[in-house]
Amino acid sequence: MNGFDNKLFDGRTVVVTGAGRGIGAAVARAFLQAGAHVVAHAGRSEEHVERDLTRGLDAAALERLSVVTGDLAAPGAGLALAGRITGLAPRIDVLVNNAGTMVGRVLLGETTPEHYDRVLDLNIRSTVEVTQGLLPALKTAESGAAIVNTVSISARTGGSPGSSLYSASKAFVSTWTRSLARELAPDRIRVNAVSPGTIMTDFHRRYSSPEKLAATATGIPLQRLGTAEDCAPAYLFLASEHLSGYVTGQVLEINGGQFMG
Ligand SMILES: NC(=O)c1ccc[n+]([C@@H]2O[C@H](COP(=O)([O-])OP(=O)(O)OC[C@H]3O[C@@H](n4cnc5c(N)ncnc54)[C@H](OP(=O)(O)O)[C@@H]3O)[C@@H](O)[C@H]2O)c1
């Protein structure tokens, strides 16, 4: 029993990037449990797939899963990945652009051109390229397609020191989400975003100390940090024509009340 209607995405093909672990893995698992065929871009390798992506999935769900890998932090990498995905799935109903990370906490004075390129190539350029490359396949979806982008609470708050390029890159994707929602509405493609707050994944195990996380948790109205599983239902909601067919250009904040606005 997984709590998801196992027919909600029956016969649908869903692509999730950054799905080897963390939020993307929980999202891909939830789509599989809701009946979808899922092409999961696991990240740069399959290292975390067994620990996270395929954890607890039954044989029927595993049969509907294809896994691809590829580093997305370079010009052209997103288009190359999209080409490989359309080879596996010529028609796509849902695209979740989720691959991303801070790359490192780097203060402005220490920012190098290489760091700048890596943060923006991964969080912005690859999102644009994957979407552009998969657009023809999304246009062929029978009952309208959906794109759901992962942004961040830091797009609104500015994040904390050392995250300026990352936070601004997520703000880019939020605005891009709204622009694209208008542009693609005539093609019956809805475009929305999920904006996670502080979610306990490898992301924060890497970039935030336990003391910083404990202090953050006490300031959250719901009095705890979030989990990847807290985020997944928002993606299914925004991806489902049945549940959110009149919703486009929106950013849904999933943060326990940490930021309201
Ligand atoms: N956790 C949070 O509190 C939080 C808050 C707001 C927004 N977000 C956003 O949520 C999304 C998922 O983050 P998460 O918390 O689940 O972090 P995570 O556990 O670190 O997962 C990040 C995913 O993105 C992939 N990725 C990172 N760098 C990549 C690269 N260069 N090329 C290809 N794939 C790459 C990772 O693959 P590898 O395994 O190869 O690294 C992994 O699959 C990200 O866009 C993140 O910015 C997270």
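Rule-based calculations on the coordinates, nothing more; no lab input. All of these numbers come straight from a predicted model, not from anything done at the bench. So basically every Cβ, Gly included, is an ideal-geometry build from the backbone, and we count neighbours across all protein chains shown.
Taking amide H atoms as placed 1.01 Å from N in the peptide plane, the amide H of Glu253 lies under 5 Å from those of Ser195, each 5 or more residues away in sequence or on another chain. Global size of the chain: 17.2, 52 Å for Rg and Dmax (C-alpha atoms, Rg to one decimal, Dmax whole). Sorting Thr140, Thr248, Thr157 by the number of Cβ atoms found within 10 Å of their own Cβ, with the fewest placed first, yields Thr140, Thr157, Thr248. A cut-off of 5 Å between modelled amide H atoms, ignoring neighbours fewer than 5 places along the same chain, links Val15 with Val39, Val94, Leu95, Val96. This ranking places His242, His115 by how few other beta-carbon atoms lie within 10 Å of each, fewest first, which gives His242, His115. Please identify, among Gly159, Gly219, Gly43, the residue showing maximal mean-square fluctuation in a Gaussian network model of the chain using a 10 angstrom Cα cutoff. With Cα springs under 10 Å in the chain, the top fluctuation among Gly159, Gly219, Gly43 is at Gly219.
Residue by residue, the stretch 94-107 carries 3J(HN,Hα) couplings of 9, 10, 10, 8, 10, 4, x, 5, 6, 6, x, 7, 10, 6 Hz when phi is fed to the Karplus relation 6.51 cos²θ - 1.76 cosθ + 1.60 (θ = phi - 60°); x denotes Gly or Pro. Among Asp187, Asp58, sorting on how many other beta-carbon atoms sit within 10 Å of each Cβ, with the fewest leading, yields Asp58, Asp187. For the chain, modelled as a GNM whose springs connect Cα atoms under 10 angstrom apart, the maximal fluctuation among Ser167, Ser45, Ser208 occurs at Ser208. Among the chymotrypsin sites (Phe, Trp or Tyr not before Pro) found in the stretch 1-107, not one is both in a DSSP coil and sparsely packed, with 15 or fewer other Cβ atoms within 10 Å of its Cβ. Only helices enter this figure: runs of n ≥ 4 DSSP H residues, each worth -39500 (n - 2.57), summed and divided by the residues of the chain, yield -12000 deg cm²/dmol at 222 nm to the nearest 500. Taking Ala215, Ala82, Ala25 as the candidate residues, the one with maximal mean-square fluctuation in a Gaussian network model of the chain, Cα springs under 10 Å, is Ala215. Please compute, over every Cα-Cα pair in the stretch 1-98, the percentage with a separation greater than 19 angstrom. Looking at the stretch 1-98, the distances longer than 19 Å represent 35 percent of pairs. Round to the nearest 10 and give me the degree value, 0 to 90, for the angle of helix 164-184's Cα axis relative to the longest principal axis of the chain. The angle comes out near 30 degrees.
Amide H contacts for Asn149 (H built 1.01 Å from N in the peptide plane; partners 5 or more residues away or on another chain; cut-off under 5 Å): Asn97, Asn192, Ala193, Val194.
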